[in-house]
1. For Ser195, list long-range residues whose amide hydrogen, built 1.01 Å from N in the peptide plane, is under 5 Å from its own amide hydrogen.
2. For Lys153, give me every one of the lysines with a C-alpha distance below 19 angstrom, ignoring sequence neighbours fewer than eight places off in its own chain.
3. How big is the charge dipole of segment 1-67 about its Cα centre, in debye rounded to the nearest 20, if each Lys and Arg gets +1 on its Cβ and each Asp and Glu gets -1 on its Cβ?
4. How high is the FRET efficiency between His222 and Arg34 when r is their beta carbon distance and R₀ equals 35 Å, given to the nearest 0.05?
5. Rule-of-thumb check for segment 141-268: C-alpha Rg over 2.2 N^0.38 Å?
6. Please list 3J(HN,Hα) in residue order for segment 19-35, calculated via the Karplus relation 6.51 cos²θ - 1.76 cosθ + 1.60 where θ = phi - 60°; whole Hz, with x for glycine and proline.
7. Could you give the size of the charge dipole of segment 160-265 about its Cα centre, using +1 on the Cβ of each K and R and -1 on the Cβ of each D and E, expressed in debye and rounded to the nearest 20?
8. Can you give the charge dipole size of the chain about its Cα centre, rounded to the nearest 20 debye, using +1 on the beta carbon of Lys and Arg and -1 on the beta carbon of Asp and Glu?
Amino acid sequence: MNAAPLVPATYGRTVDGDLAALVDDTAYAAIPGRSGLRVANRWRLRKPMSEWRRDDFHGAIAVVADALGFNNLIAELVRHREELLRLDRKRGNGKVATPWGKSQSSEIYADGVVFHSTASHGGIKLDRAHNARMPAAIRVAGSWYEEDAEWAKVATGFPDLFTAYERRHAEKTLRDYYPNCWEAIHGRFLAPGESVENDRRLFGDNHRHDWVVVSAIRSNEHPEMTDCIARLGGRRDHGDERRFLVPSDEYVAARFGFVIDEARHLEV
């Protein structure tokens, strides 16, 4: 007989008819978008689920394809919360100087592995012994691993201190933003489409002589067109600019930039 879950989860729908779930004290709603359901969240939403509205939520933690994807994500988040309880991370109480200023709070993952948060940023500090045990390919010399991406290196080096949910995101973060580190750890090269940073570099190499849009706005003078400013290779720091009109039903703000077709797109 399976034990009852340690973390409560309830399911339902919002006043807008969106799929919804409450996991412990965090509310989630699956809001329809262009490419699936955008899973938005809100901490301590103090009203019945049937009264939740889309404007109650801020940001998004994931995009899923359908209701099954939403239910699977919620189940993963429940397991994540339960694993956190078993990991039993402790609240720290010391004010520590960090690369981002004085810490305002801290969380102890293990002796010598502490997450510090400041008013503007945060990260994980490893003591000398733990940092020496990090694989050389992902070791940071100063022992500070910032919270946006470098935390994934710590999760890779010390997976037992992280939940399965965190490890999954750490693997993706390392692959997307530190592809050379990922390749060194896993012993293989990443293929196109497996890493955001690799794909960005590949796009730059393939289009360094093309005019790539860096800003765009609907044209007031030509309602069916989008007014685009483009630079060679899409470089934003410097370089000559050219202005083009692109049919609005064709223009798509692609991940690394829209490439101008000089044979078809009118320069103005």
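1. none
2. Within the straight-line limit of under 19 Å, Lys153 reaches these lysines: Lys125, Lys172.
3. Taking the Cα centre of segment 1-67 as origin, the dipole is about 140 debye.
4. That pair, His222 with Arg34, gives E of 0.90.
5. After normalising by residue count via 2.2 N^0.38 Å, the value is 1.41.
6. My calculation for segment 19-35 gives 4, 9, 8, 10, 10, 6, 10, 10, 9, 10, 9, 9, 9, x, x, 5, 10 Hz in order.
7. Dipole about the Cα centre, nearest 20: 240 debye.
8. The dipole of the chain has a size of about 1000 debye.
Quick note: the coordinates plus some simple rules give every number you see, no bench work behind them. If you're wondering where the values come from, they're calculated on a predicted model, not measured in any experiment. Note that each Cβ is placed from the backbone with ideal geometry, even for glycine, and that neighbours are counted across all protein chains shown.
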